[in-house]
Each structure stands twice: as structure tokens, then as C-alpha cells.
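K.L.:
Dropping the structure in here first, questions after.
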Amino acid sequence: MMEFARPWLLLLLPVALTLAWFRLRSDPGPGVLRHSHLALLAGVRPTLRARLYRWLPLLSGIALVLLVVAAAGPRIAHRSEDVEGEGIDIVLALDISGSMRSLDFHPKDRLESAKDVIRGFIGGRPHDRIGLVVFAAKAFTQCPLTLDHPVLTGFLDEVQVGLIDDGTAIGLGLATAVARLKHSDSPSKTIILLTDGVNNVFTLEPETAAELARSLDVRVYTIAIGREGMVPYPVNDPVFGRRTRQVETKLDLDLLDRIAELTGGRMFQATSADMLQQVFATIDELETARFETSISTWYRERMAWFAGPALGLVLLEFLLAATWLRRLP
């Protein structure tokens, strides 16, 4: 890949081009010939040498441009990167039940605050495969494990309350996340389960899903988002329009703690956006991707590619002006 050691010198290129243009446009003036019968020369046309002489300054103009490029230090960069170790497979299981619209994470609701923090978490782990599962009354995979994090972030942006019937199926959400890791050969398999409610869909018990995770060596970090008690919640009133009223929310901290303990993970609670950011930062430190990357760079200078032809053009102009294209007074 070609690059320049002193790219700021390329700013002189317009000056060099302008000088070359003015020199090419400059007219040395007509030749003077004393003869008693100039009418005899009326039909004489300019010769090939006379026409080429007008273009002779073009050689030095091109040479000047080449010298500016040469002074900028053109070079070809060669880089090598050696990466050792393997990434971690992580599945994010995100609760999108109706209570995630609670506004105790002012100015955003719980879901949007969680999505903001998750985006930063994804961006900080470029070598890990990350997937996304969402759950409410049911659960489904929003994005399978992938290293294409821009695509994953795009799927995350589409997540909103109402994609699934309302409810909190913690067991189904966890089991769906475990299923995404069933065939993973990563040395470290992790689930981050984020919810703000109590399991109220009994299709699959959360403890059963946790046992399944443990059998596959999947570590689960559980995060209780929000606080118990009365919290502000947006409602659409047919008379007064959109307004906020207080609703009661509950958290099953004991359940989340049992899931984490059973799988070798940890349980956290975040009651604000800053606390949620700190929780993900802690998980980020606990789940370290064991990568050792060494990058080496070397250059091959290519100044001669431009300086050599420039010198040749200057010498060629000098020789032509002194010999074949010499202008007589």
C-alpha cells in the first residue's frame, strides 16, 4: 500500500502545476529575420521542430511535479499481524417485556438505556463472537453468534417492546441463549441475561435452564435492571394523551442469584444507567479475551521512482534545447 512519509508536502502540487502551466503558456515572441523580400516567405509553414519547441517546457513542468511527489517521501508499507489465542462466545439475553419501558433510568427507559450500554460492550470486544436473544412471553434469537458486529448492532437497534407478547419468560430466554452455544467450540462460553421482572411464564423453569447451561460449561451473568417498588411508567390516556404514572415493579433477585451461582457466574443489580455501565465494565474485565497481538511494519522507499524520471526529464529538455530543438536568434 502506497503512503507518504511527509504528506503535507503534497500541498505544493498546485503550486508546481501552476508554474508549469505559466511556463508552457509563456510565448518567447516571434523570431526576427532581416530580408529584403519577406513576401517570399509568406507561404512557409512552421516545421515539426518549431511546433515541438513550444511544448518543450512541458518536460520541466512534469519534472517539477515529480520532484514534489518525491520530496513527500513515497513508500510502500508492509504490515504483519500475529494473533494468538481464541475469542469468547457470548450471548446476550435481553428482556423486552412491557416493564422495560419504565422511566426510572431518566431520560431514557430501561430498554433504551440497556441498548446503549450493550452497544459499547459489543464495540469493545472485536475478537469475540456475540449473539443476541430477546424474550418476553416467548423467546427467539434476534442475531446468532457473529463476528460481524455492525450487523449485530443493527439487529440490536431494531429491538423494541412489543415484538413479542408481554410476559417475562426468564427460563425460555435462558434456554434459547444456551441453545445458541450448544455447538460452540470456544474455550469460554458466556451468557449475559438482563431482566427487570419476575418469571411469570412457566413453560420452562429458570432453574432447569440453568442446569442445562451448567452441563454445557456455560457461565451465566445475571443482571437485574431497575429497582423494586413504584416507578414512573408512560401510558397513553385517551383524554389527556401520553402521560406518566407510577406503577409497581418487582424483581426476583434470589432467582437471578441462584442462576448465576449454579453456572459459576455472578449476579448484579443496576438501578441507573451509570450503574449498568459499571456492571458491563466489570463483566468485560472478568471475561477477558486472551489475545496477544504483535504488529510489525516496514517500509520500502519509492522516492527514486519519481526523482529519477524527474532528473531524466530535466536533462532531456536541456539536451533538446541545446541540439535538435535549439532556437536560433
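The values are calculated or read from the model by the stated rules, or taken from the named source; none is laboratory data. For clarity, every value in this text was computed on a predicted model and none was experimentally measured. Neighbour counts run over all protein chains shown; Cβ positions are idealised from the backbone, glycine included.
K.L.:
State all residues of segment 1-16 that are part of a helix (DSSP H, G or I) and either aliphatic (A, V, I, L, M) or surrounded by 14 or more Cβ atoms within 10 Å (Cβ to Cβ) (or both); if no residue qualifies, say none.
P.N.:
Result: L9, L10, L11, L12, L13, V15, A16.
K.L.:
Right, something else. Being more than 30 Å from G308 (Cβ to Cβ), in a loop (DSSP other than H, G, I, E, B), modelled with pLDDT of 70 or more and out of contact with any Asp or Glu (no Cβ under 8 Å at 6 or more places or on another chain) is the filter here; which residues of segment 54-104 pass it?
P.N.:
Matches in segment 54-104: I96, D104.
K.L.:
I170: at pLDDT below 95 and of a type in the set (A, V, I, L, M, F, W, C), yes or no?
P.N.:
For I170, the condition - at pLDDT below 95 and of a type in the set (A, V, I, L, M, F, W, C) - is not met.
K.L.:
Could you check how many residues of segment 150-181 are assigned to a helix (DSSP H, G or I) and surrounded by 19 or more Cβ atoms within 10 Å (Cβ to Cβ)?
P.N.:
Residues that pass the stated criteria total 12.
K.L.:
So which residues in segment 209-227 are outside any helix (DSSP H, G or I) and surrounded by 16 or more Cβ atoms within 10 Å (Cβ to Cβ), if there are any at all?
P.N.:
Within segment 209-227, V218, R219, V220, Y221, T222, I223, A224, I225, G226, R227 qualify.
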